[in-house]
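Following: one structure in C-alpha cells, then a few remarks.
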Amino acid sequence: MSTSHTPDVSEAGLRATLADLLEEEPATVGASTNLFEEGLDSITLMRLVGTWRRAGFQVDFAELAQRPTVTAWSELLNRTPDDPTRAAPPPHAGTARTGAAGTSRDPDTAGSGQPADGSGEEFALAPMQYAYWVGRTDGHPLGGVAAHLYTEFDGTGVDPDRLAAALERLVARHDMLRVRITDNGRQRVDTRSGWRGLVVHDLRDAGPDQVEEALAATRDTWSHQLLDIEAGEVFATALSLLPGGRTRLHLDVDMVAADAVSYRVMLADLARLYADPAATLPPIGYHYRDYLAARPVARRDAQRRAAAYWRERLAALPGAPDLPLAADHPVPGTPRVVREHLFLPAEQRAALAAAARRHGVTLAATVATTFAEVLGAWSGQPRFLLNVPMFDRAPTHPDVDLLVGDFTSSVLLAVDLSERLAFADRVRAVQARLHADAANADHPGVAVLRDLTRAAGRQVIAPVVFTSALNLGELFADSVRREFGDAGWIVSQGPQVLLDAQVTEMTDGLLVNWDVRVREFADGVVPAMFAAFATLVRRLATDPAVWRDPVDGLLPPAQLAIRDRVNATDGPCRARTLHGDFFAHARARPDAPALRWGEASQLTYGELAERALRVAGALTAHGVAPGDPVGVSLPKGPDQVVAVLGVLAAGGAYVPVGTDQPPARAARIAALAGFHVLLTAGKEPDGGLPLARASTHPPLPTPVPSGGDDLAYLLFTSGSTGEPKGVEMPHRAATNTIDDLRDRYRLGPEDRTLAVSALDFDLSVFDVFAPLSSGGVVVVVGEDERREAHRWAELVRAHRVTVLNCVPQLLDAMLRAVGDRADLRSLRVVLLGGDRVGVDLPARLAVAAPGCRFVALGGTTETAIHSTVCELDPGAAVPADWQSVPYGTPLRNVVVRVVDPLGRDCPDWVPGELWIGGAGVARGYRGDPRRTAERFVHSGGRRWYRTGDRARYRPDGTVEFLGRLDDQVKIRGFRVELGEVEAALSAGESVRAAVAVLTGGDRPALGAAVVTDGTTTVEEVRERVRDLLPAHMVPDRVVRLDAVPLTPNGKIDRRAVRVAVERADAGPAARVAPDDEVTRAVGLIWAEALEAEPDTLGVTDDFFASGGDSLLATRVVAALRDTLGATVSARMLFVAPTIAGLAERMLAAEPAPARLRRAAAVYCEVAALSDDEVAAQLDEGERV
C-alpha cells in the first residue's frame, strides 16, 4: 500500500474501498448498513485505521467500531482541520526516501551508519520479544520454555539438496533469521546465522516400527525444544526421508524472530525459492530494525493516551481465569504441550459466519466469546483476563509486508460473565470491550502486566491466550502445500502460557487449536473443556436458539451421570419426632442407663423420662403451647438433656442460649426467638424458670403429641450484619440425619456416646438424640470439663465410650492429650463435622483407637447437622492430593450441587457454592423472610439451601470443602461472621474502623485490626468486646493500624490485615543488612533503580516484590556492568532475585573476584560522598 496516496474518505470513496474489501459491488454497501453484519472484521478495520492514520487522519479504532456505518465513518474522517479531535499528520507521513545504499529507508534511521541489511550494533527488543526472552528463564512462573511454533509437512519427493539451497537463500533474504539475542535483553543482526543447517534423517530403508519411533522422537524433542537464540539459532529445519518416496519437513521457528504472519511470509518465500532455484524475489528495501525505530515516533501521542487509558482501568482489572490446576502445579520437569483441535469445513464455517453477521458481530468475536464462556464455566471466578495478541503491522513503508519479525502487540481483554446474558448479547459486549481496548493497544498488554506487577508487589501474568488470525489469509499458501505437503502436525509453546487458543483459516474452513500445558491442569479438565467448546461452536453454526439463550449445559454428560448416581439417595424417611423413640425406650427398658457423667453418676431411661415429663408439666403450666419456643440456658451437663427433653415433651421447640453469652446478645436471641419462658440454673435475671423448680412439678402422663413437621429446635448462628440468625429446624429434618447415621453405623443399646459439643452447637443434637433414640447411653461432659481434653479422654476410658461425634479440633486436642498411647481403644466410630478435617487425623486416631472407623461429615446448621459422609478405612493411607478430608457424598434423602454465581452446575474440580437439598433443609430463619428467601431457594423443582461454602466435585462424585465464599469462617467448629465481630469491635466511639480475619493456616485463629483515635489501647478494645460477644468470637489477637489497608480497587485488603496480625504474632522481621562491599554496591544500585532508600532494602528482599520488573532489571544489570565492570546478565537476576543471591552469582562468574570486590568498595566510597565532595575530589585530581 503506497503511503503517498491520500485515501478518498468521502461516502462514495469509502463505499468503494469497503466494497473492494468485502468483495461486493459499491452499490450494495448501504450508507447506514452495519458493516460488521456485511462481513467486516476487526483485523481489516485495524488495517484501515493504520492507512488513514498514516495519511494524517486522527481516527480512533473504538470510535469506528462503535459506529460501523459508511455515513458515520465519513463524518469522523472529514472533521474540519481545526477540530481539536483531528491531529496533524504524523511525522514523515506520506514520504519515503532512498538511503545511501540505494534502498528506501525511514528518515529517522537513514544515515545512522548501520549497514543496509540492518546488521551492526545492538538494538532494543520489541515488547513481545522482550517478554518471550524473559519468559525463557526458569525463575519465572510458567517460565523455562521458548515461544516457538513447530510444524510438520507430510509430502513426497522433497529433495534435501534443493531444500538446503533454498533455506540458505531464505536466511540471506531475511535479516531476522540472522538475529542474535544478547544476554542483556537486546538484539543484533549478524552477517551469518546461527541456524544449524538442514538436518536430514534418512529412514527410507527402515522398518515401520523404526520409522514411527524415529518420527515420534523428533516430534517430541522439537515440539518442546529451546533454540539457542543467544547463539543466533532462531529457527531449525530437518527433513525425514521416508519409505516410498514420502518426506516430512520439520520446521521450528522461535517467535522472538518471526510472528505467525512472518511464519507465512517465510514459508511462502521458501516454497518459491525451492520451486524455482533461479527465482529472483522482489528486493526488500526496509528492515525490521527500521520498523522498530519508526513506530514509536509515529505513535508517541497514541502511546501517552493509551497509557492513561490503562492507568484508569488498572485497579478494576480482574486476574487470570481461575482454572482447575494440578495439585503439584507448577509441575516440575520439562513443560509438555498438547494440542486439541477442531476443524469446521467450509460449509460449517460459512454457516457460523452468517449467523455472526445476522447478529452484528464478527466471526472472531464469536469464537472468542465461545472460548470465554467455556473458560467461565471452568473458572472459579466470573471475571477474568484474556491475553489477546494483535497482529498490528503498521504500514510504515511499502515493503513492510515482506518483512520477517515480531510485529505483534497484545491487549488484556477483561471478560465479565457475572451477568446472565443471551449469547448474542454476550458477544456484543465482548466485541465492544475488545474494540475499546484494541484502540489503546499502543500501551500493550505486556506493559499493563508490568503495571499490575508493580501495583501488586508480585509478578502478575495472563497465562490464557486467545489468538485470532482470521482474515490474515490461509495458514499455509497453496504453494507451500504443493511443494512440501500438508501440515500434519502443528504445535506452539509460549512462556508464562497455560492455554493458547488459536483460530485461523485453513482450506476455506475454520481451524481452532488449543495448545495446552496439559500436565498443569487437574485430570480430565482439558479434554472436557475442549469438548464443551467444540460442541458449542457447532451448535452456534446450526441452532439459532443458542444465540438467543444464555449459555448453559456445558457440564459433560459423563460427569452429570456420576452426580445423578451419588444423588440417588431416596430411602425411608420416618415422620417421627426427635424424642419419640427415647420415650418408647423408657417405657420398654426403664432401668437401662440413659445418661452417665462424672465418675459414676447416671440416670436411667425411666428416671430421665420422669424428670423430662415433670419439666414438660411445668412448662405447660407456664403457658407453653405446642410449637412454642422455650429458652434453655444451663451449664453443660445432664440438666441440659433433661431440659431439652422436657421442652419437646411439652410440644415446644428448645432454644439454646449459652450461659457465656453476653447479656445483650442473649436478650437479642430471646427477642428474635420470641420465647417467654427460659429454663435456667436459678441464677438468671427475672423471667427465668429454674430447672430445679420445674423438676418438682407434677409430670405430664405422656408427651404432648407432636409431628415430624413440627418445630424441634431453634439454633442461633452468627449473622453477617451483626444480627444473630435463628435457624428453625423441624423434627423430620433432624431425624432424617440421625436415622441415616444410626442405621449406617448400627448404633444400638451397647453404644455409649460422648456428648462434648455445646448445646447451642448443632452437633449436640446428634450427641443427645442419636444414642437416646437407639437405646444407648449419653456420656455427658460437665461444665467444668468442657475445655479439658485430658478429661474427655478419661471419660472415654472410664465409661468405655464407643461413639465420638465432634469437630476436628476437639479430636485433635484429645489425641494430643493421650499422645502415642492407645488410650481411646474403646472407640469404634468417630464422626467429625462442623469444620475442615485435617488429613493427619486418620493416622493419629488409628494409633489411639486401633480399628476405629473414621468418618468425616459435611453440613450446616440449616441442613440438620450433617448432610454428607466420607469414611476412610481404618489404617488406610490418605490420598496425596487431599488437602483435607472431603465432605464426601450425600446422606439418605439428601442431594447436593456445586453451582457457579449464575446457578449453573460447576464441572469437576471447579469451585463453586455448595447447595444442599432434600429432607434435611430447615424451614428458614426466624422472623427474617428476606434472608430466608435469599438463602433458601427453589431450582429444578426442589428447595435448596445455599450454604455459602466453597466446594468442588471430584471426578468420583465426592464433594470437597474448600472454605467459605464470604467472610464467614469457622473457629473451633463455631461459625463466625466476621461482620458481627467487626460490628462489636467498632461499637466504641474510640474505634474508627475494624477488620476481622482468619489467621493461622492449619490451626485457625481469629485476628483483627483496628484504627483508633488514640484514646484507647487494643487491650481495652479486646476487653470491651468480651462483654458483647461469646468467647469463640473474641479475636485472639488485635493489632492497631494507622489506616485500613485497601486493594487497588478500593476494597478492604484482608490479606494485608492478615499479614499484619500474623506479623504481630511472630514479632517484627529484622531487615538483613548488606555485610560486604559487593552486597552494599548491589543494594545501592537496586535502590536507585527502585527509587527506594538503601537502608530499606535487605539482602534477602525479592527484587520483584520490592517493585521491580523486567525492564528495571535490565537497567540494574546495565548499571552493574557500567559501574563495577561485573560479569552479570538479566537472566542472573531473574534466577537469583535477591541482593545476596545476585552478589553470590556475580562473584562466582567473575574470573578475578578480588577485582570485583575492589570495584564495589570504590563505588560504595564514592556513593557515600556528597556532590560537593565529589567535585572537590575531581578538582584535587586535576591539580595533581
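Would you pick out the residues in the range 365-401 that are surrounded by fewer than 20 Cβ atoms within 10 Å (Cβ to Cβ) and closer than 15 Å to residue 551 by Cα?
If the condition is that a residue be surrounded by fewer than 20 Cβ atoms within 10 Å (Cβ to Cβ) and closer than 15 Å to residue 551 by Cα, then 382 is the only one that fits.
Taking the range 863-913 as the search range and keeping residues that are of a type in the set (Gly, Ala, Ser) and touching a residue at least 60 places away in the same chain (Cβ under 8 Å), which one is surrounded by the most Cβ atoms within 10 Å (Cβ to Cβ)?
Initial filter on the range 863-913 (of a type in the set (Gly, Ala, Ser)): 864, 867, 875-877, 880, 884, 888, 903, 912.
Then drop every residue that is not touching a residue at least 60 places away in the same chain (Cβ under 8 Å), which leaves 864, 867, 880, 884, 888, 912.
Values: 864: 31, 867: 33, 880: 8, 884: 19, 888: 24, 912: 24.
The extreme case among them is 867.
Which of (1) over 22 Å from residue 750 (Cβ atoms); (2) in contact with a Leu (Cβ under 8 Å, 6 or more places away or on another chain); (3) basic (Lys, Arg) does residue 797 not meet, given it meets every other one?
So residue 797 meets the others, but not (1).
Take residue 421 and tell me if it is in the same structural domain as residue 448 (by TED's automatic domain parsing), touching a Pro at 6+ places or on another chain (Cβ under 8 Å) and surrounded by fewer than 23 Cβ atoms within 10 Å (Cβ to Cβ).
Details: in the same structural domain as residue 448 (by TED's automatic domain parsing): yes; touching a Pro at 6+ places or on another chain (Cβ under 8 Å): yes; surrounded by fewer than 23 Cβ atoms within 10 Å (Cβ to Cβ): yes.
Considered against the rule, which asks whether it is in the same structural domain as residue 448 (by TED's automatic domain parsing), touching a Pro at 6+ places or on another chain (Cβ under 8 Å) and surrounded by fewer than 23 Cβ atoms within 10 Å (Cβ to Cβ), residue 421 comes out as yes.
Each row is one residue, and each column tells you yes or no for (1) among the aromatic types (Phe, Trp, Tyr); (2) assigned by TED's automatic domain parsing to the domain that holds residue 1084; (3) part of a loop (DSSP other than H, G, I, E, B); (4) at pLDDT 85 or above.
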{"residue": "1111", "(1), (2), (3), (4)": "no, yes, no, no"}
{"residue": "1120", "(1), (2), (3), (4)": "no, yes, no, yes"}
{"residue": "1134", "(1), (2), (3), (4)": "yes, yes, no, no"}
{"residue": "1156", "(1), (2), (3), (4)": "no, yes, no, yes"}
{"residue": "1161", "(1), (2), (3), (4)": "no, yes, no, yes"}
{"residue": "1175", "(1), (2), (3), (4)": "no, yes, no, no"}
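Just a yes or no: is a residue in the range 821-844 polar (S, T, N, Q) and crowded, with 21+ Cβ neighbours inside 10 Å? Can you show your working first?
Start the filter on the range 821-844 by keeping residues that are polar (S, T, N, Q), which leaves 826.
This time we only want the ones that are crowded, with 21+ Cβ neighbours inside 10 Å, so: none.
Scanning the range 821-844, I find no residue that is polar (S, T, N, Q) and crowded, with 21+ Cβ neighbours inside 10 Å, so the answer is no.
From the list 750, 728, 723, which residue is modelled with pLDDT of 95 or more, part of a loop (DSSP other than H, G, I, E, B) and acidic (Asp, Glu)? So that I can check it myself, show each step before the final result.
Numbers: 728 fails: part of a loop (DSSP other than H, G, I, E, B); 723 fails: modelled with pLDDT of 95 or more.
Going through 750, 728, 723 in turn, the sole match is 750.
Kindly check whether there is at least one residue in the range 567-585 that is among the hydroxyl-bearing types (Ser, Thr, Tyr) and over 30 Å from residue 887 (Cβ atoms). Talk me through it step by step, then tell me what you get.
Here is the first cut: in the range 567-585, the ones among the hydroxyl-bearing types (Ser, Thr, Tyr) are 569, 577.
Retained after the next criterion (residues that are over 30 Å from residue 887 (Cβ atoms)): none.
Within the range 567-585, not a single residue is among the hydroxyl-bearing types (Ser, Thr, Tyr) and over 30 Å from residue 887 (Cβ atoms).
Let me spell it out: the conditions are (1) surrounded by fewer than 17 Cβ atoms within 10 Å (Cβ to Cβ); (2) in a helix (DSSP H, G or I), and residue 1100 meets all of them except one. Which number is the exception?
The single condition residue 1100 does not satisfy is (2).
Against the condition modelled with pLDDT under 95 and within 21 Å of residue 893 (Cα to Cα), how does residue 941 come out, does it pass?
So residue 941 passes the test.
Is it the case that some residue within the range 304-319 is at pLDDT 90 or above, part of a helix (DSSP H, G or I), assigned by TED's automatic domain parsing to the domain that holds residue 530 and over 28 Å from residue 387 (Cβ atoms)?
Checked the range 304-319: no residue is at pLDDT 90 or above, part of a helix (DSSP H, G or I), assigned by TED's automatic domain parsing to the domain that holds residue 530 and over 28 Å from residue 387 (Cβ atoms).
Each row is one residue, and each column tells you yes or no for (1) at pLDDT below 95; (2) among the aliphatic types (A, V, I, L, M).
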| site | (1), (2) |
| --- | --- |
| 871 | no, no |
| 881 | yes, no |
| 884 | yes, no |
| 889 | no, no |
| 895 | no, yes |
| 921 | no, yes |
| 961 | yes, no |
| 981 | yes, yes |
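Pick from the range 691-718 the residues that are in contact with a Ser or Thr (Cβ under 8 Å, 6 or more places away or on another chain) and in a strand (DSSP E or B): which of them is surrounded by the fewest Cβ atoms within 10 Å (Cβ to Cβ)? Please lay out each step first, then the result.
As a first pass, look at the range 691-718 and keep what is in contact with a Ser or Thr (Cβ under 8 Å, 6 or more places away or on another chain): 691, 700, 704, 706-708, 710, 712, 715, 717.
Retained after the next criterion (residues that are in a strand (DSSP E or B)): 712, 715, 717.
On the way: 712: 26, 715: 24, 717: 21.
Here the residue is 717.
Could you check the range 119-143 and list, in sequence order, the residues that are within 23 Å of residue 223 (Cβ to Cβ) and crowded, with 17+ Cβ neighbours inside 10 Å? Can you show your working first?
First, pick out the residues of the range 119-143 that are within 23 Å of residue 223 (Cβ to Cβ): 128-129, 131-138, 140-143.
Passing the criteria: 128, 129, 131, 132, 133, 134, 135, 136, 137, 140, 142, 143.
Of these, 1011, 1038, 1061, which one is part of a helix (DSSP H, G or I), at pLDDT 75 or above and not assigned by TED's automatic domain parsing to the domain that holds residue 758?
Numbers: 1011 fails: part of a helix (DSSP H, G or I); 1038 fails: part of a helix (DSSP H, G or I).
Of the residues listed, the single one that is part of a helix (DSSP H, G or I), at pLDDT 75 or above and not assigned by TED's automatic domain parsing to the domain that holds residue 758 is 1061.
Of 371, 384, which residue is closer than 21 Å to residue 467 by Cα, touching a Phe, Trp or Tyr at 6+ places or on another chain (Cβ under 7 Å) and not acidic (Asp, Glu)? Give the derivation first.
Details: 384 fails: touching a Phe, Trp or Tyr at 6+ places or on another chain (Cβ under 7 Å).
Residue meeting the stated conditions: 371.
Kindly provide the set of residues from the range 185-202 that are closer than 25 Å to residue 218 by Cβ and in a loop (DSSP other than H, G, I, E, B), ordered by number. Walk me through how you get there before you give the answer.
First, the residues of the range 185-202 that are closer than 25 Å to residue 218 by Cβ: 193-202.
193, 194, 195, 196, 197, listed by residue number.
If I ask for residues that are at pLDDT 85 or above and aliphatic (A, V, I, L, M), which ones from the range 446-462 would you list? Can you show your working first?
First, the residues of the range 446-462 that are at pLDDT 85 or above: 446-452, 461-462.
Matches in the range 446-462: 446, 447, 448, 449, 452, 461, 462.
Look through the range 588-625, keep the residues that are of a type in the set (Val, Ile, Thr) and more than 56 Å from the chain's Cα centre (by Cα), and return whichever of them is surrounded by the fewest Cβ atoms within 10 Å (Cβ to Cβ). Working first, answer last.
As a first pass, look at the range 588-625 and keep what is of a type in the set (Val, Ile, Thr): 604, 615, 620, 624.
Keeping just the survivors that are more than 56 Å from the chain's Cα centre (by Cα) gives 604, 620.
Details: 604: 16, 620: 18.
Out of the qualifying residues, it is 604.
Of all residues in the range 845-854 being crowded, with 23+ Cβ neighbours inside 10 Å and aliphatic (A, V, I, L, M), which is nearest to residue 763 (Cα to Cα)? Reasoning before the result, please.
Residues of the range 845-854 crowded, with 23+ Cβ neighbours inside 10 Å: 845, 848-849, 854.
Now restrict to residues that are aliphatic (A, V, I, L, M): 845, 848-849.
Numbers: 845: 20, 848: 23, 849: 22 Å.
Restricting to residues being crowded, with 23+ Cβ neighbours inside 10 Å and aliphatic (A, V, I, L, M), the top hit is 845.
If the requirement is being in contact (Cβ under 8 Å) with a residue 12 or more places away in the chain and over 19 Å from residue 392 (Cβ atoms), which of these qualifies: 299, 349, 305, 295?
Numbers: 299 fails: over 19 Å from residue 392 (Cβ atoms); 305 fails: over 19 Å from residue 392 (Cβ atoms); 295 fails: over 19 Å from residue 392 (Cβ atoms).
Just a single option satisfies the conditions, and that option is 349.
Which of the residues spanning the range 627-643 are without any contact (Cβ under 8 Å) to a residue 60 or more places away in the chain and more than 22 Å from residue 728 (Cβ to Cβ)?
Of everything in the range 627-643, those that are without any contact (Cβ under 8 Å) to a residue 60 or more places away in the chain and more than 22 Å from residue 728 (Cβ to Cβ) turn out to be 639, 642.
Every residue in the range 614-645 that is of a type outside the set (A, V, I, L, M) and assigned to a strand (DSSP E or B), please. First the steps, then the outcome.
Step one: list which residues in the range 614-645 are of a type outside the set (A, V, I, L, M), which gives 614, 617, 620, 622-623, 626-629, 631, 633, 635-640.
If the condition is that a residue be of a type outside the set (A, V, I, L, M) and assigned to a strand (DSSP E or B), then 629, 631, 633 are the ones that fit.
Counting only residues that are free of Cβ contacts under 8 Å to residues at least 60 places away in the same chain and among the small types (Gly, Ala, Ser), which one in the range 494-549 is nearest to residue 462 (Cα to Cα)?
531
Please go through the range 155-184 and give me each residue that is under 30 Å from residue 1117 (Cβ atoms), in contact with an Asp or Glu (Cβ under 7 Å, 6 or more places away or on another chain) and either not assigned by TED's automatic domain parsing to the domain that holds residue 283 or not in a strand (DSSP E or B) (or both), ordered by number. So that I can check it myself, show each step before the final result.
First pass over the range 155-184, keeping only residues under 30 Å from residue 1117 (Cβ atoms): 174-184.
Next, from what is left, pick out any that are in contact with an Asp or Glu (Cβ under 7 Å, 6 or more places away or on another chain): 175, 178, 180-183.
Within the range 155-184, 175, 178, 182, 183 meet the criteria.
So which residues in the range 938-958 are assigned to a strand (DSSP E or B) and buried (at least 16 other Cβ atoms within 10 Å of the Cβ)?
So in the range 938-958, the residues assigned to a strand (DSSP E or B) come out as 938-939, 942-953.
Hits for the range 938-958 are 944, 945, 946, 947, 948, 949, 950, 951, 952, 953.
The values are calculated or read from the model by the stated rules, or taken from the named source; none is laboratory data. The structure displayed is predicted, hence computed values, not measured ones. When we count neighbours, we look across all protein chains shown, and the Cβ atoms used for this are built from the backbone with ideal geometry, even at glycine.
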